[in-house]
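The values are calculated or read from the model by the stated rules, or taken from the named source; none is laboratory data. What you see is a predicted model; the values in this text were computed from it and never measured. With ideal geometry, Cβ positions are generated from the backbone for all residues, glycine too; neighbour counts draw on all protein chains shown. With ligands, DNA and RNA removed, areas are computed over all heavy atoms of the protein, side chains included. Shrake-Rupley method; radii C 1.70, N 1.55, O 1.52, S 1.80 Å.
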Amino acid sequence: IPYHHIELIGSHDKVAAAKRWNVDMFIEDRLENALQLSEEMGIPVFLFDTPYNQATLPKLVHRIYDWRELDKLVTQVTSPLLHK
């Protein structure tokens, strides 16, 4: 997955970092963060499946099960952006 920067955040408030770096998408495992990021930033969030994050997800939050699936979804999400 191509990237410009990886930010390791030591807190649950990730919106500030996402805004600071003006991110296009986010990888997360905490449901509350995924919902907040997708709503406040309007970006796709890829949520790794865990027992503690089960819920119905909004359109911009995509449940994923492994890194290969993440790679495929990132390609699908970014492909239309690259061809504009």
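Here are a few things to note about the model shown:
- In the condition set (1) over 15 Å from residue 15 (Cβ atoms); (2) free of Cβ contacts under 8 Å to residues at least 24 places away in the same chain; (3) not acidic (Asp, Glu), residue 46 is compliant with all but (2).
- Of all residue pairs spaced 6 or more apart or on separate chains, those with beta-carbon atoms under 9 Å, a first member in the range 17-38 that is within 19 Å of residue 71 (Cα to Cα) and a second member that is assigned to a helix (DSSP H, G or I) and open to solvent by 70 Å² or more (accessible area, probe 1.4 Å) are 24/81; 29/52.
- Condition check for residue 53: of a type in the set (S, T, N, Q) and under 17 Å from residue 6 (Cβ atoms): no
- All helices (runs of 4 or more DSSP H) inside the chain with 1 or more residues being modelled with pLDDT under 90 and touching an Asp or Glu at 6+ places or on another chain (Cβ under 7 Å): 15-21
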